[in-house]
Amino acid sequence: MDRRPRRLAGRRGVVVVTERSVFWGRLRAQRAALVAAGVVGLLVVVALAAPLLTALEGQDPTTYHPDLIDSARGGVPVGPLGGISGEHWLGVEPQTGRDLFARLVYGARVSLGVALAATVVQVIVGVAVGTAAGFGNRWVDQVLSRATDVIVALPLMVFALALMAVVPSGFPRPVLVALVIGLVAWGGLAKIVRAQTITLKELDHVAAARLSGWGAVRIARRELLPALAAPVITYAALLAPVNITVEAALSFLGVGVKPPTASWGQMLTSADVWYQAAPQYLLYPAGVLFVTVLALTVLGDGVRTALDPRATSRLRIGTGRKREARA
C-alpha cells in the first residue's frame with residue numbers, strides 16, 4: 001500500500017495531500033462527530049480538573065454533612081432540589097450528605113479512566129494475538145484461534161463477576177475492573193486483526209519483505225501494523241462506550257468500585273432506592289453516563305466513517321454528507 005504523500009496541483013499551487021490530512025478533512029465534515037468530540041473533550045477536562053473544581057466549590061467527595069440530612073424523613077436532604085445551594089452546587093447525597101457535584105466529577109475520573117485503560121488492554125492483547133494467529137503457521141493459528149473462540153464465548157458479566165469475587169479486597173478496585181474488562185473482552189478485536197493480517201500477508205510488499213530475509217517481528221512492525229491501524233482505531237473507538245457501560249454495570253452489581261471511591265456506576269447502586277424521595281440522586285449519574293456513552297458512540301462512528309472512504313455514517317443527523325464528499 002502506497003502511503004507516500006500525494007502532490008495535487010490547484011489554484012493555490014501544489015498541495016501535498018497525506019492520509020492524515022484526508023482523515024481530518026473527512027472527520028471535520030461530520031458535524032455530529034465534532035460535537036461528540038467536544039463533549040468527550042469537556043468530560044476529560046472535567047475529570048482531570050476534578051480537584052480544582054471541587055476546591056472552587058469548597059467541598060470534597062468523601063466528607064459527610066449530617067446537618068444537611070433530615071433524619072426524621074429517612075435521610076432525605078434538607079432544602080429544595082436535594083439541598084442545592086451556593087455551597088453545594090448539585091445538592092447532597094441522601095443519608096450521608098456528601099456533595100453530589102464533587103462525587104460526580106471525581107466519578108468521571110474513575111469511569112473514564114477505567115474505560116480507557118480497559119480499551120488499551122483490549123487493543124494490546126487483541127492486536128498481539130490476532131497478528132500472531134494471522135501471520136503464524138497453521139499450528140499457531142489453530143491454537144490462538146481456538147483460544148480466541150473460548151474468550152468470545154465466555155459471558156463477560158458472569159466471568160467478570162467470578163474473577164472480581166475471588167481477588168483480595170486490598171487490590172486497587174479501579175485497576176482490577178480495567179484489567180478484568182480488558183482481559184476478558186479482547187476476542188472480537190483479535191478476530192478482526194487476524195482476518196486483516198491474513199489478507200495483508202498475501203500482498204506483494206509483505207511477500208517481498210519475507211523474501212528479503214526480514215524476521216516476523218520486523219515485518220509485523222514495518223508492514224502489518226501500519227496497515228492495521230485504521231481497523232484497530234475504528235474498533236477501539238467503538239469499544240470505549242461499551243467499556244464504560246460495563247464498568248457501570250459491575251459497580252451497580254456491587255463488585256466494581258467500592259465506596260467511598262466515587263464512580264457513576266457506584267452512585268447508581270446507592271441511588272436505586274431513592275428515585276422517589278430524592279430523584280436527582282439517580283438522575284445526575286444516569287444523565288452524565290448517558291451523555292458520555294452517546295458522545296463516545298457518535299465519535300466512534302465518525303472515526304469509522306473517516307477512516308473508511310467506502311463506509312457511510314450510521315447516524316444521519318449532522319453528518320455533513322456534501323462537505324464529506326468534497327473532502
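The values are calculated or read from the model by the stated rules, or taken from the named source; none is laboratory data. If you're wondering where the values come from, they're calculated on a predicted model, not measured in any experiment. A quick note on method: Cβ atoms are made from the backbone with ideal geometry, for glycine too, and the neighbour counts reach across all protein chains shown.
Checking Gly265 against (1) closer than 30 Å to Arg109 by Cβ; (2) at pLDDT 85 or above, only one condition comes out false. Which one?
(2)
Counting just the residues of segment 158-174 that are touching a helix residue (DSSP H, G or I) at 6+ places or on another chain (Cβ under 7 Å) and surrounded by 14 or more Cβ atoms within 10 Å (Cβ to Cβ), which one comes out nearest to Val255 (Cα to Cα)?
Narrowing segment 158-174 to residues touching a helix residue (DSSP H, G or I) at 6+ places or on another chain (Cβ under 7 Å): 159-160, 163-164, 167, 174.
Add one more test, that the residue is surrounded by 14 or more Cβ atoms within 10 Å (Cβ to Cβ), and what stays is 159-160, 163-164, 174.
Working: Phe159: 12, Ala160: 9, Leu163: 10, Met164: 6, Pro174: 11 Å.
Restricting to residues being touching a helix residue (DSSP H, G or I) at 6+ places or on another chain (Cβ under 7 Å) and surrounded by 14 or more Cβ atoms within 10 Å (Cβ to Cβ), the top hit is Met164.
If you check Val177, Val206, which single one turns out to be crowded, with 18+ Cβ neighbours inside 10 Å, closer than 26 Å to Val291 by Cβ, in contact with an Asp or Glu (Cβ under 7 Å, 6 or more places away or on another chain) and not small (Gly, Ala, Ser)? Can you show your working first?
Values: Val206 fails: closer than 26 Å to Val291 by Cβ.
Only one candidate passes the filter, namely Val177.
Hey, Met164 hits all of (1) at pLDDT below 80; (2) not in a helix (DSSP H, G or I) but one; which does it fall short on?
Result: Met164 fails condition (2) only.
Say whether the condition of being modelled with pLDDT of 90 or more, of a type in the set (Ser, Thr, Tyr) and closer than 30 Å to Leu68 by Cα is met by at least one residue in segment 99-111.
Yes, there is a match, as at least one residue in segment 99-111 is modelled with pLDDT of 90 or more, of a type in the set (Ser, Thr, Tyr) and closer than 30 Å to Leu68 by Cα.
Which pairs have Cβ atoms under 8 Å, sit 6 or more apart or on different chains, and link a residue in segment 198-226 that is without any contact (Cβ under 8 Å) to a residue 60 or more places away in the chain and among the aromatic types (Phe, Trp, Tyr) to one that is surrounded by 13 or more Cβ atoms within 10 Å (Cβ to Cβ) and part of a helix (DSSP H, G or I)?
The qualifying pairs are Trp214/Arg222.
State which residue is farthest from Pro155 (Cα to Cα) when the search covers only segment 226-283 and only residues that are assigned to a helix (DSSP H, G or I) and out of contact with any helix residue (DSSP H, G or I) (no Cβ under 7 Å at 6 or more places or on another chain).
In the first step, residues of segment 226-283 are kept if they are assigned to a helix (DSSP H, G or I); the result is 226-252, 264-271, 280-283.
If we keep only those that are out of contact with any helix residue (DSSP H, G or I) (no Cβ under 7 Å at 6 or more places or on another chain) too, we end up with 226, 229, 242, 270, 283.
Values: Pro226: 32, Ala229: 28, Val242: 15, Ser270: 26, Leu283: 29 Å.
Restricting to residues being assigned to a helix (DSSP H, G or I) and out of contact with any helix residue (DSSP H, G or I) (no Cβ under 7 Å at 6 or more places or on another chain), the top hit is Pro226.
Could you tell me whether segment 238-247 includes any residue that is touching a residue at least 60 places away in the same chain (Cβ under 8 Å), β-branched (Val, Ile, Thr), out of contact with any strand residue (DSSP E or B) (no Cβ under 6 Å at 6 or more places or on another chain) and buried (at least 18 other Cβ atoms within 10 Å of the Cβ)?
Yes, that holds for at least one residue.
Can you spot a residue in segment 126-135 that is surrounded by fewer than 20 Cβ atoms within 10 Å (Cβ to Cβ) and without any contact (Cβ under 8 Å) to a residue 60 or more places away in the chain?
Yes; the residues of segment 126-135 include at least one that is surrounded by fewer than 20 Cβ atoms within 10 Å (Cβ to Cβ) and without any contact (Cβ under 8 Å) to a residue 60 or more places away in the chain.
For segment 180-199, give me each residue that is crowded, with 20+ Cβ neighbours inside 10 Å and of a type in the set (Ser, Thr, Tyr).
The one that is crowded, with 20+ Cβ neighbours inside 10 Å and of a type in the set (Ser, Thr, Tyr): Thr197.
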